[in-house]
Amino acid sequence: MVSSASEELAQVIYLDNQATTRTDPRVVEAMLPFFGERFGNPHSVDHVYGNDAEAAVEAARADVAALIGAEPREIVFTSGATESNNLAIKGAAGFHKGERPHVVTLSTEHKCVLESVARLKREGHEVTVLGVDRDGFVDLADLEQAVTERTAVVSIMAANNEIGVIQPLAEIGALCRAKGAYFHTDAAQALGKVPLDVNAMQIDLLSISGHKLYGPKGIGALYVRRRPRVRLEAMMDGGGQERGLRSGTLAPALCVGLGVACRLAAQEMAEEAERVAALRDRLVDTLREGAGPLTVNGAMDRRLAGNINIAFDGVPAHALIEAVPELALSTGSACTSASVEPSYVLRALGIEEATAAQSLRISVGRFNTAEEIDEAARLLIAGVTRLRQAQAAAAQ
Ligand SMILES: *Cc1c(COP(=O)(O)O)cnc(C)c1O
């Protein structure tokens, strides 16, 4: 069973690295002993089993912290970026509800941020959801106006999961600090792809997801600044692990996996970004030459190296995805792709419904090769050509 599924998967070129990434084999290798003989509970430190697990978890915590210029004790392990975003936003808003009842976010955020903010609104918080410009960026003048002495937290993502644009984090951080509001950033897509420094960028809270940077699924982290001290209300009651912010026994295997993923990113990010950007640009250039009229959504500068969001004029995205089953592509975020609604992110950019319905997200990653990119371009051009010919024939 396993081998036939693996064989089937191996036939398909994976170009959906923003939905999830393959766990790096070096990460898997490092995790394995913690599913076996190194099974201790990292919170039971009365014997060598617990001490061993605790030491491994703390080494991983230091590797996660180092990637963002933080101190190890500022890292809280969670189950992923969804949980980190919930804890950051609801935790900050809940703790400061009295003196600061207001939260600010962006219309192109991930659903877990928008839904967290929507819940706060139902519970009586004041909410501002800012729009973005045609390229997908926040307007800093709008933000300056929206943030006040009553704002508890501003949540603006580092890089977008559909269009890959990178927000001006340092400018946002400076603006929030001046108003005394916490700056939270969802860095699920940006971490390990672009350099992030919580001090240089004045970030107070930063969400991390293991499976977006070649680590395992089911683990993430929240950076929580200590100086000046960020105060959060915990979501989970229990044994008080993770400085009381996230009770529950940690999974040492997953923590170790996240730590190794962060260490590899620190070592290889610069070289990898260059290589991945070259592959992405080669793909776009080939498509521009061979696939007829097309539109790229979002800014091409200040964009993640691997991302492209592209509409082939007149070709519905779902039809093209069906026409090239040899490629793993996406219309956008995994959480909304079941619905046929055009992406709310693309609509927030002011992109027409027709173009949004023709838009595909292609995300190149660490394990893609030049041969795969050339094959993907060939298949896409053939698919687009076939679909346009069928349309022309039907129109006659
Ligand atoms: C994937 C993703 C999330 C959710 O992360 P999980 O670890 O899967 O919970 C949140 N925000 C962004 C921008 C993402 O890309």
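The values are calculated or read from the model by the stated rules, or taken from the named source; none is laboratory data. It should be emphasised that the depicted structure is a prediction, and the values quoted were computed from it without experimental measurement. Quick reminder, even Gly has a Cβ in these numbers, built from the backbone with ideal geometry, and neighbours come from all protein chains shown. These accessible areas exclude ligands, DNA and RNA; they are computed on the full protein's heavy atoms, side chains included. Shrake-Rupley method; radii C 1.70, N 1.55, O 1.52, S 1.80 Å.
Some observations on this one:
- Among the residues of the range 159-175, just one is touching a helix residue (DSSP H, G or I) at 6+ places or on another chain (Cβ under 6 Å) and within 16 Å of the ligand (Cβ to nearest atom), namely Glu162.
- In the range 112-136, the residues that are within 16 Å of the ligand (Cβ to nearest atom) reach residues that are open to solvent by 30 Å² or more (accessible area, probe 1.4 Å) and of a type in the set (Val, Ile, Thr) with C-beta atoms within less than 6 angstrom, at least six apart or across chains, in these pairs: Cys112/Thr82; Val117/Val127.
- Residues satisfying the criterion are absent from the range 65-78 (criterion: closer than 25 Å to Asp142 by Cβ, hydroxyl-bearing (Ser, Thr, Tyr) and in contact (Cβ under 8 Å) with a residue 40 or more places away in the chain).
- Every condition in (1) more than 15 Å from the ligand (Cβ to nearest atom); (2) under 30 Å from Val45 (Cα atoms) holds for Ala178 except the one numbered (2).
- Test for Ala291: is it among the hydrophobic types (A, V, I, L, M, F, W, C) and buried (at least 20 other Cβ atoms within 10 Å of the Cβ): yes
- Put simply, of Leu222, Leu213, Leu191, Leu250 the only residue that is open to solvent by less than 20 Å² (accessible area, probe 1.4 Å), over 24 Å from Ser155 (Cα atoms), assigned by TED's automatic domain parsing to the domain that holds Gly40 and in contact with a strand residue (DSSP E or B) (Cβ under 6 Å, 6 or more places away or on another chain) is Leu250.
- Lone unmet requirement of (1) farther than 22 Å from Leu349 by Cα; (2) within 14 Å of the ligand (Cβ to nearest atom); (3) among the β-branched types (Val, Ile, Thr) for Ile203: (2)
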